Amino acid sequence: MKKIIFKNFLRETTIFFLLSCSSVALIVWVIQAVNYLGFVTEDGHGFKIYFLYTLLSLPKIINEILPFMFFFAVFFTLVKYEDQNQTLIFWSNGIKKNEFLNIIIKYSLIFLILQLIMNVFLVPFTQDKARSFIRQSNVDFLPSLVKPKKFMDTVKKLTMYVDKKNDLGQFENIVIKDTYNSKDSRIIYAKTGFFSQINDQNFLVLNQGKILNINKGKTTVINFNRTQLNLSEYSSKTTKYPKLQEVSVNVLLKCLFQPKDQRTAIMLGDKNKFRFQCSHEPKQLDNVSQEFFSRIFKPLYIPLLAIVSAFLLIKSKNSTGYSRYKVIVFITGVILISFSEILTKFFSYDFNKSFLLMIMPILFSTIFYFLFYKQSYASSK
């Protein structure tokens, strides 16, 4: 009988968790996707890049809400069981409150492992993959961004202005400032121009104009009847360098534990210019330590949240102040989740300090565990 009761509890909690977590994640994802529309309209990337980038943000969203949704699922199921008098069936079948607590803790370990896998492997991988789409994409959406009588500076080191668009779909009176080459710059004037696609690459074709090449203060002028700019050689202003959240744990460990004189730029991505720079500067090492330890630290709070939610088993709905007691348990869980987020900011390259922070959720879990035993024993008298 005990196995059936525990099995039903775990099944109902899991179903509620999956439904609530997927619903909240979908809402957050849609809101975030709408915010990412600027990614298309301002940075010149196509809808394919936009869709892939937003889709790959989903694991990160799920990972962020997972602790709270787990706590809420267990909390909701226990409240429902109490309201429906199902807990009376548990106690009448010889189930002890401590047994139920142990089942909830064991159940929480599944979510601890799940979030650990997401923190260490899945989220960094998907975030770096999303960044790689930006790295590999060109400004294929640029033609729709050029508007008459407006300066367009979406493309990195390229500013473009057009006076108007004629009936043939061509731009007239075009001015372009190109500083793509770090040593040289040039200003291009053209009477007309239009966008064209050749061999899956976007080109800006310019007619009847001149190019002012500026090199070390010297200016040379070249007249042309027709020339073209290969837009695939340009990139948008979107950040292409890897952020710490996108760096694998393996790279973080190398950065933290390799000798100072051997710390070099650790390459990420497909091209040498996209690097995560690992140095021996204290500030950067603190940031790397913070990122590394927080990935392991946050999942450790999940068993603690399980113990806190289990405190609902201590009192019945007929007890005095039960409604207030439910609110206190819920607020305690929310505070602990917020507390875990705040503590991640205090991790540093100081190993002793980071170690003390790491054992805090284990210490809290032990305290709450024995506190539950004490209150459970007192309520059974």
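Computed from the coordinates by the stated procedures, all read-outs in this text should not be read as laboratory data. Because the structure is predicted, anything quoted here is derived from the model rather than measured. Virtual Cβ from ideal backbone geometry, glycine too; neighbours counted across all protein chains shown.
Values computed for the structure shown
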read-out: Protection proxy ranking of 95-107, 18-30 - average other beta-carbon atoms within 10 Å, highest first; value: 95-107, 18-30
read-out: Virtual spin-label span in nm between ILE65 and ILE27, 7 Å along Cα→Cβ; value: 0.7
read-out: Charge context of VAL162, other residues only, Cβ under 10 angstrom, K/R +1, D/E -1; value: +3
read-out: Separation between Cα centres of the stretch 334-381 and the stretch 5-25, rounded to whole Å; value: 25
read-out: Packing rank of 54-67, 3-16, where each peptide gets the mean count of other beta carbons within 10 Å, highest leading; value: 54-67, 3-16
